[in-house]
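As structure tokens, the structure follows; a few thoughts come after it.
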Amino acid sequence: MSDYAKIPGYVSAKEEHGETTVVVDPAHIREACTYARDDLGFNMLVDLVATDYLGWAGKGVSGYIGTASGRDLNLPMTQGLQALPDVKPTRFSISYHLLALRQGAPRLRLQCWLEDGDSVESVVPVWPSADWLEREQYDLMGIDFTGHPNLARLLLDDDWEGHPLRKDYPIGGEPVRFSPAE
Amino acid sequence: MADRLRDYGLQSERLLWPTKGPSRFEEELGVEELEQALGITTLEKAVRWAQTKSMWPDTFGLACCAIEMMAIVGSRYDLARFGMEAFRSSPRQADLLIVSGRVSHKMAAPLRQIYDQMLEPKWVIAMGACASSGGMFNNYAVLQGVDRIVPVDIYVPFCPPRPEALMEGILRLHEAHLAGVPPAYERRQVAT
Amino acid sequence: MLSNWLPFLIYGLFALAIPASMIYLSFAVAQRPRARTRARVIPFESGVSKGQMKPQRFTVSFYLTAMLFIVFDIEIVFLYPLAVQLHALGWFGFVEFAFFILILVVAYVYIWRKGALDW
Amino acid sequence: MSTTLQRVGRARRWPIVGDPIYEGSRIPSRVPTVMDVPPPLRETDDILQVNFGPNHPSTHGVLRLIVDLDGEEVVGLSAVVGYLHTGFEKNMEQKTWWKAITYPERIDYVGYQNNELVFVLAIEKLLAMEVPEKATWMRMLLCELNRIHSHLVFLGTSALELGAISMFWYCFRERETILDLFELVAGQRMHTRYFQTGGIAEDIPVGFFPEARKFVETMPKALDDYLTLLDRNKIWLERTQGVGLLSADDAIALGQSGPVLRASGVDWDLRRDQPYLAYDQVDFRVPVYTGGDVYDRYRVRMDEMAQSTRIVRQCLDRLERMEGEPWITDDRKVVLPPREELHTSMESLIHHFKIVTEGYRVPAGEVYVAIESPRGESGCYVVSDGGPRPWRVHFRPPSFHALQATATCSHGALIADLIAIVGSLDAVMGDTDR
């Protein structure tokens, strides 16, 4: 835990379920990743995930939000939560899961928090495996990665508008008969 | 004209059932014993017989159903017994398009193009719940059922269908074609 | 004299009749598509073909490989008449042909060292 | 023709083309997953662009490769994916935890037990729940059977594409026996949905152990059949050795894992280096080869099949001694109470009602769990807000990263080698497109 404090752009760190999460300032993400790769020895970027926290534990209700003929914001999907989860600083979080290929398989999660419309530096020069990962998060979540060699839609059609994995994007598909969503 | 197979007098007889007597549609369509005794038949019936005996499927494997579709070519559920073991990869040489798996919107256009490039008479089997109705993926990415873009002859349920289920679907198709039921693009005017 | 050619004539007629009937049947029994025939014209490119492929030059190596095949295939074709008459020709035929094969082996080694065989 | 004349036979050296752009790796092109046509060739118009498209017999599903050919040689390549994007993660956010367990199997539909396991392990990690030993060993047994099943499908199809057609029928004969075991245990051949949060759904059926013993006896003999068929087959060796070279640091830089990584000489296997379930109490060998070509990936998977059979045998020995032990935890908040208990106790009726209607609740938090699936490290990142529905689920698919290496692997490959390379990467498109 101690040497994680020397990561450039270090904000805070937490240890939960046996995993260390280091929150990093989005502006210094590339230096942090280069530091993690060269000095801390995390030579493989295993996964890169963006999460949308819109309506997180709002009104003590859990679960999926969605509007535009999708789920209704005010219709609680479940009963109230026993314990309100901690409030998230901003709407989006990007988690970089790193793995060091050495004894004990140490893993680290670098997390940076963004508002909608913010952009973050691409880490493709640090780990080439980030190429498709970032394209997928741009495609499904709408996070802009500056400096990415060719940031384009990966999984969806090129003429698809909107980013489906956002919480305010309706689930789509067709209303099922005899269900409240009809 | 949303006519149903029943209007063609096709009862759901099972061909796989060996002890079954002559199936209902042969009696209903009035096949005289003389014709059967002498083995004379109309040219159209002979052509239909030839078409069902070597209906070549197109390898259109999409998702999990494709793995089960591969299994019916294996030695246990051998499809060669029905003259269908040659899985053609180009639509020009294929008669039967087995849509095995979930069709995403990005794959819809290639699917439609391959269907158009197949030569008549052609049939479509929607294999599995995802191809028949979008299955458990009622969301933005999956086409809710292949019959929105391609006229489908046979829907095979389950997820994924057992090889026996797919073979029964194929045999029903043979049975229907032998009985004179025209392929789907003639019965249903869905974007022939 | 003509009579002993009759079997060949019948054989030729059969050889002609079978493909002709197949071609005729494929037109007689075929079902014409009524609509959406544009897809029939464009080439099959795994489902994503945009239209006619623009004509393109092929590299010379295809041509080279074809030529090499012809050279060595004809060499084998010449072996057949030799094999049939080998007993009659005896040693003369064998030496004659060995010389023929030798020339082609020299050509083969040259091509092989020049690297024209691997792509 | 002139450019290819001085090539040194089949065994080519590592694809070091120009100065490596990414330090420590030899990935030459600016965009790691794209091989762009070298400038001198670009102007000449004898570059033929071919669509190795979504409906192609040898792309193992709906992968599309846009290939630029100079004659037979591949000079440019870029993979297009997304033709099987099914929106799993959006759907799972809608379902309760119980229902969401059915989805992961359809993601990697060839190694489906492992995918289901990774999601169930993530939920259990969030719940900090103890799983009975019998369930742990049974999960391990089924996952190893699934690994053999997945490698058999790989071997059958990729040998079929390289012309060894009879391999397909041999491999699918063994695959049928494995599917019989799955059917005996869970009632369904594929997508068995046999793992439950807290253990396994049902107890192990009576006839399972003798059947599994029979399989464990026949599998080594079957493996010898495959080896005699393929290993000294000149055509197979000629088409796989020295083809699709991937160096160790390229594999790490591109995030490879599993057989592709181990074939490039990196000795890394999550079952041994980060043991989950009961892999630390089972002894098996991790095959590592340093060739980094298609042939070594094939040999890694063949050895893994043999090792998995050894693990299955050890699991069977252990499980047969665990007769009558509980196969699921009795934490009533998460696991349905047994049927007869509902008639007597009021609490289990309330628990049953709560679990069935709203679903059990998973405490808030985020967790990332990774296991060794047949294709490599398959991970699952789950975020829960304390409610009965997952807030965010993301799967780390090994095939997604395997396809990123197609461009680097097919340097100087011929069009026929491309089929061998794509086959050896063993990418499942459902896994890639999610």
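The values are calculated or read from the model by the stated rules, or taken from the named source; none is laboratory data. Quick caveat, the model's predicted, so the values are computed rather than measured. Note that we place each Cβ from the backbone using ideal geometry, even for glycine, and neighbour counts take in every protein chain shown.
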For the range D:391-416, which positions are outside any loop (DSSP other than H, G, I, E, B) and farther than 30 Å from A:D52 by Cβ? D:T406, D:A407, D:T408, D:C409, D:L414, D:I415, D:A416
What is the number of the single condition among (1) away from chain B (no Cβ under 14 Å); (2) touching a helix residue (DSSP H, G or I) at 6+ places or on another chain (Cβ under 6 Å) that A:L156 does not meet? (1)
Which pairs have Cβ atoms under 8 Å, sit 6 or more apart or on different chains, and link a residue in the range D:21-32 that is modelled with pLDDT of 75 or more to one that is among the hydrophobic types (A, V, I, L, M, F, W, C) and surrounded by fewer than 19 Cβ atoms within 10 Å (Cβ to Cβ)? D:I27/D:I21; D:S29/D:I21; D:R30/D:I21
With respect to D:Y368, is the statement that it is in contact with a Lys or Arg (Cβ under 7 Å, 6 or more places away or on another chain), more than 9 Å from chain A (Cβ to nearest Cβ), closer than 24 Å to D:Q196 by Cβ and not in a helix (DSSP H, G or I) true? no
Do we find a residue being modelled with pLDDT under 90, under 23 Å from the mean Cα position of the chain (by Cα) and either part of a helix (DSSP H, G or I) or not acidic (D, E) (or both) anywhere in the range A:71-80? yes
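Could you check the range C:67-82 and list, in sequence order, the residues that are over 20 Å from C:E96 (Cβ atoms) and either of a type in the set (S, T, N, Q) or surrounded by 13 or more Cβ atoms within 10 Å (Cβ to Cβ) (or both)?
Pass one, the range C:67-82, residues over 20 Å from C:E96 (Cβ atoms): C:67-70, C:73.
Within the range C:67-82, C:L68 is the sole residue that qualifies.
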Residues B:R112, B:R88: which one is among the basic types (K, R), at pLDDT below 90 and either crowded, with 24+ Cβ neighbours inside 10 Å or within 30 Å of C:F27 (Cβ to Cβ) (or both)? B:R88
Got a sec? Which helices (runs of 4 or more DSSP H) wholly within the range D:242-343 have at least 2 residues that are at pLDDT below 90? D:248-253
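Of all residues in the range A:16-32, which are more than 20 Å from A:T90 (Cβ to Cβ) and either part of a helix (DSSP H, G or I) or more than 12 Å from chain D (Cβ to nearest Cβ) (or both)? Steps first, please.
Pass one, the range A:16-32, residues more than 20 Å from A:T90 (Cβ to Cβ): A:17-20, A:31.
Of everything in the range A:16-32, just one residue is more than 20 Å from A:T90 (Cβ to Cβ) and either part of a helix (DSSP H, G or I) or more than 12 Å from chain D (Cβ to nearest Cβ) (or both), namely A:E31.
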Would you check which residues across the range B:84-135 are part of a loop (DSSP other than H, G, I, E, B) and either basic (K, R) or within 23 Å of D:R106 (Cα to Cα) (or both) and list them? B:G101, B:R102, B:V103, B:K122, B:G134, B:G135
Checklist (1) within 8 Å of another protein chain (Cβ to nearest Cβ); (2) surrounded by fewer than 23 Cβ atoms within 10 Å (Cβ to Cβ); (3) under 18 Å from D:A253 (Cβ atoms) applied to A:R102, failing item: (1)
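Each row is one residue, and each column tells you yes or no for (1) within 14 Å of chain A (Cβ to nearest Cβ); (2) farther than 30 Å from A:I171 by Cα.
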| position | (1), (2) |
| --- | --- |
| B:G61 | no, no |
| B:D78 | no, yes |
| B:Q93 | no, yes |
| B:S100 | no, no |
| B:P110 | yes, no |
| B:D116 | no, yes |
| B:K122 | no, yes |
| B:G128 | no, no |
| B:V156 | no, no |
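Name the residues in the range C:37-51 that are more than 14 Å from chain D (Cβ to nearest Cβ) and either surrounded by 15 or more Cβ atoms within 10 Å (Cβ to Cβ) or at pLDDT 80 or above (or both), would you?
As a first pass, look at the range C:37-51 and keep what is more than 14 Å from chain D (Cβ to nearest Cβ): C:37-38, C:40-41.
Passing the criteria: C:R40, C:V41.
Could you tell me how many of the residues in the range B:150-189 are β-branched (V, I, T), at pLDDT 90 or above and not in a helix (DSSP H, G or I)?
First, pick out the residues of the range B:150-189 that are β-branched (V, I, T): B:150, B:152, B:154, B:156, B:170, B:181.
Cutting the leftovers down to at pLDDT 90 or above gives us B:150, B:152, B:154, B:156, B:170.
Those still in the list that are not in a helix (DSSP H, G or I) too: B:150, B:152, B:154, B:156.
The qualifying residues number 4.
Which one is modelled with the highest pLDDT among residues in the range D:52-66 that are surrounded by fewer than 21 Cβ atoms within 10 Å (Cβ to Cβ) and more than 20 Å from the chain's Cα centre (by Cα)? Walk me through how you get there before you give the answer.
We begin by selecting, within the range D:52-66, every residue surrounded by fewer than 21 Cβ atoms within 10 Å (Cβ to Cβ); these are D:57-58, D:66.
Going one step further and asking which of them are more than 20 Å from the chain's Cα centre (by Cα), we end up with D:57, D:66.
Numbers: D:P57: 84, D:I66: 92.
Once the filter is applied, the top-ranked residue is D:I66.
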Just to be sure I understand, how many residues within the range A:116-150 are closer than 19 Å to D:T406 by Cα and either in a loop (DSSP other than H, G, I, E, B) or charged (D, E, K, R) (or both)? 11
Considering only the range D:335-355, I want to know if a residue exists there that is surrounded by fewer than 19 Cβ atoms within 10 Å (Cβ to Cβ), within 11 Å of chain A (Cβ to nearest Cβ) and more than 28 Å from D:F209 (Cβ to Cβ). yes
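Starting from residues that are charged (D, E, K, R) and farther than 27 Å from B:A141 by Cα, keep the ones in the range D:53-84 and report whichever is farthest from the other protein chains (Cβ to nearest Cβ). Can you show your working first?
Applying the first criterion (charged (D, E, K, R)) to the range D:53-84 yields D:64, D:68, D:70, D:72-73.
Still in the list and also farther than 27 Å from B:A141 by Cα: D:68, D:70, D:72-73.
On the way: D:D68: 12, D:D70: 6, D:E72: 5, D:E73: 7 Å.
By that ranking, first place goes to D:D68.
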Sort out for me the helices (runs of 4 or more DSSP H) sitting completely within the range D:33-122 that have 2 or more residues that are of a type in the set (A, V, I, L, M). none
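Just to be sure, is B:S104 under 20 Å from the mean Cα position of the chain (by Cα), of a type in the set (S, T, N, Q) and modelled with pLDDT of 90 or more? So that I can check it myself, show each step before the final result.
Numbers: under 20 Å from the mean Cα position of the chain (by Cα): no; of a type in the set (S, T, N, Q): yes; modelled with pLDDT of 90 or more: yes.
Judged against the criteria, B:S104 is not a match.
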Residue set D:R189, D:R147; condition without any contact (Cβ under 8 Å) to a residue 24 or more places away in the chain and over 30 Å from A:A152 (Cα atoms); output residue D:R189
Quick one: D:T136 ticks every box in (1) in contact with a helix residue (DSSP H, G or I) (Cβ under 7 Å, 6 or more places away or on another chain); (2) surrounded by fewer than 21 Cβ atoms within 10 Å (Cβ to Cβ); (3) part of a helix (DSSP H, G or I) bar one, so which box is it? (1)
Exactly one of (1) modelled with pLDDT under 90; (2) over 17 Å from the mean Cα position of the chain (by Cα) is unmet by A:L156. Its number? (1)
Which of the residues belonging to the range D:417-434 are part of a helix (DSSP H, G or I), away from chain A (no Cβ under 14 Å) and farther than 19 Å from D:D249 by Cα? D:D417, D:L418, D:I419, D:A420, D:V422, D:G423
Is it the case that the range D:375-394 has a residue that's among the aromatic types (F, W, Y) and in contact with a Pro (Cβ under 8 Å, 6 or more places away or on another chain)? no
Restricted to the range D:396-407, and to residues that are within 9 Å of another protein chain (Cβ to nearest Cβ) and not aliphatic (A, V, I, L, M), which residue is nearest to B:C65 (Cα to Cα)? D:F400
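Give the number of residues within the range C:77-119 that are among the β-branched types (V, I, T) and touching a residue at least 12 places away in the same chain (Cβ under 8 Å).
Within the range C:77-119, the subset among the β-branched types (V, I, T) is C:77, C:84, C:95, C:101, C:103, C:105-106, C:109, C:111.
Within this subset, residues satisfying the condition of being touching a residue at least 12 places away in the same chain (Cβ under 8 Å) are C:101, C:111.
Result for the range C:77-119: 2.
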